[in-house]
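Here is the structure we will look at.
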Amino acid sequence: MAKRIDDFIIKENRKINNDFFILELSGNNYLPVLKPGQFVQVKVEDSPETFLRRPLSIHDVDYDKNTISLLVQIAGKGTRRLSKLKPGEILNIIYPLGNSFSLPPENSDILLIGGGCGVAPLLFLGKYLKSNGYKPSILIGFRNSDRIIEYDEYAAIGKVYLTTEDGSRGEKGFVTDHSVLKEHRFDNISCCGPASMMKAVDGYCSANGIPCEVSLENLMACGFGVCLCCVVSTVSGNLCTCIDGPVFNIKDLKW
Amino acid sequence: MVNLGFSIGKLRFKNPVITASGTFGYGSEFDDFIDVSVLGGIILKGTTMEPREGNAYPRMSETPAGMLNAVGLQNKGIDFFEKNIYPKVSGYDTNVIVNINGSYIEDYIALAERVNKLDKIPAIELNISCPNVKMGGMAFGTNPDSAREVIKEVRKVYSKILIVKLSPNVTNIVDFARIAEEEGADSVSLINTLLGMSVNIKTMKPSLSTITGGLSGPAVKPVALRMVWQVARAVQIPVIGLGGIMSTNDAIEFFLAGASAIEVGTASFIDPQISVKIIDGISDYLADKGFSDIRDITGLINR
């Protein structure tokens, strides 16, 4: 799929909580077909210490409105600047970048697992799976009840299992502690979240022989396979997260 | 109409904007964004005799006005290059230049011999300045004796245009430029990255797996410009300037300081179209200033 550099217009900047916000961007050109798991590289203007673009997962796509949504966590000066964007302002992005989650066999019992900012690509993935006739379930984990992101949006896709680290809502603990993983065997798992969480999910899936794909968020400079900074060690050697990923099958990863 | 063309030895460049090794892949990564053939030249990702996996992740750390990298010359080796990459890059209507690297002097010689046989590669950039490999690389380019030896030996076997890429991590870069010229290099390119480091205070560990890495981006531009100015006044061969060039204005500074051409590096990560924009920008600048030829402003501040 041809990559583009386009100026998008901020339609909405919606605060989720103190750390998260959602940018809804409207394209000047018609959107190409986008796939869940793909990401964009966002140029951050007026933030002198932000040198590189910021890679952000595609959180949601609305082809009728010609919009892309990005779920962003304030992690530093660049994302803080993005959090201040106002409707009507311009955001330059390079997109679509990276591969995508693969479509499991028909009628597969699919679980999407996400933690914190890692839920970002799972909304797009969940909606995509649902529109293709799947009935995915979703297991999401957050630090506490105040940090839960878009619960209702996920609930509209399928059954949601929830954990919080402090037990303030849902089951207490990490996603991998959730009882559903002991009581039910899913056919297929797709996962995105902190590396420690994805490694724990890898452990669970490997032990139970469940096919699993994870979406990595390695540090990168370019996003299109040139700088070779974002590599992950795989059975095929070092591969770039930006073009060979961000979605990898756990059986290929040596992490 | 302004003339942007220039030559290194007998090799003609349609314009003085070249993409820097390690920041432009093998060209095809940019096909969606630009017509690569519009460029004066492209310098391909550093190539070695054997495949290299490069350094462990993390390999990159953003800095104010720049970035540190510690990629460590990840590439699939010269055999793969000849078989799989050379046929593709041969289609570009621009000067396709191979950046060669080695751990031992024999590696450089063998690579130069191999690349010398490739019809569509009119030049090599001899990389004696990579800061991110344990053996070779910068070790050759920071010692005058070994720099002289590797350039001399490569010159013996390489009959086309030889560009030597110099390290800024030396006391006096002019000495190395003079050595390159004395040993028959056709041009020098400078600067490679500046050795730097960064510590992550959250994890209380170095930001890079290798602890130190190469700094690039606008942070290094004043240093690069100073070195280009020094070298351009000391040698007769054309000087290719690079280091933190993000815009036309940055490029113009290098020409005025003595560069015959420039390389665009890290900037391509942020704007993959920047190299082409700079070509257009140089034309506009020359026209605006009433010059008709890029060579008229090369080293203008030194006249």
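What to note about this one:
- Sequence of B:294, B:128 once ranked by neighbouring C-beta atoms within 10 Å, starting from the fewest: B:294, B:128
- Under 15 Å from a label point set 7 Å out along the Cα-to-Cβ vector of residue A:90, the amide N atoms of the stretch A:46-79 belong to A:46.
- The fewest-to-most ranking of B:63, B:212, B:171, B:19 by surrounding Cβ atoms within 10 Å reads B:171, B:212, B:63, B:19.
- Taking a point 7 Å from the Cα of residue A:17 along the Cα-to-Cβ direction, the residues of the stretch A:193-207 with backbone N closer than 20 Å to it are A:193-198.
- If R0 equals 22 Å, the separation of the Cβ atoms of residue B:175 and residue B:212 corresponds to a calculated FRET efficiency of about 0.40.
- Relative contact order, percent, chain A [alpha-carbon distance under 8 Å, six or more residues apart]: 17
- Whether chain B is rounded, prolate or oblate, judged on the alpha carbon gyration tensor where a/c under 1.5 counts as rounded: rounded
- Under 19 Å from the residue A:206 label point (7 Å along Cα→beta-carbon), backbone N, the stretch A:155-177: A:175-177
- Cross-link pairs A:43/B:88; A:77/B:202; A:159/A:182; B:14/B:221; A:86/B:277; A:84/B:277 - those with Cα-Cα distance over 19 Å: A:43/B:88; B:14/B:221; A:86/B:277; A:84/B:277
- Applying 0.36 nm per residue to the separation of residue A:30 and residue A:172 and subtracting their alpha-carbon distance, the gain on full extension is 46.7 nm.
- Shown for A:94, A:9: other C-beta atoms within 10 Å of each C-beta, ranked fewest to most, produce the order A:9, A:94.
- Against the main long axis of the alpha-carbon atoms of chain A, helix A:120-131 sits at an angle near 70°.
- Each part gets one Cα centre, and for the stretch A:211-244 versus the stretch B:86-116 those centres are 26 Å apart.
- Cα-based reach from residue A:199 at 15 Å (exclusive), listing aspartates and glutamates while leaving out same-chain residues under 8 positions away: A:177, A:213, A:217, A:252
- All lysines inside 24 Å of residue B:152 as judged from Cα atoms, apart from same-chain residues fewer than 8 positions distant: B:10, B:45, B:117, B:120, B:134, B:160, B:165
- When both the stretch B:218-262 and the stretch A:39-93 are represented by their alpha-carbon centers, they are found 34 Å apart.
- Cα gyration tensor shape for the stretch B:161-303, rounded if a/c is under 1.5, else prolate or oblate: oblate
- Structure-based [θ]222 nm, chain B - -39500 (n - 2.57) summed over DSSP H runs of at least 4, per residue, nearest 500: -8500 deg cm²/dmol
- For chain A, calculated [θ]222 nm from helices alone, where every DSSP H run of n ≥ 4 adds -39500 (n - 2.57): -4500 deg cm²/dmol
- Antiparallel %, DSSP beta bridges [both residues in the protein assembly as shown], to 5: 55
- Averaging 1/r over each pair of different alpha-carbon atoms in the stretch B:148-193 and inverting the result gives 10.7 Å, the Kirkwood hydrodynamic radius.
None of the figures in this text is laboratory data; all of them are computed from the coordinates on show. All figures in this text were calculated on a predicted structure; none of them were measured in a lab. Counting neighbours? That spans all protein chains shown, and the Cβs are built from the backbone with ideal geometry, glycine included.
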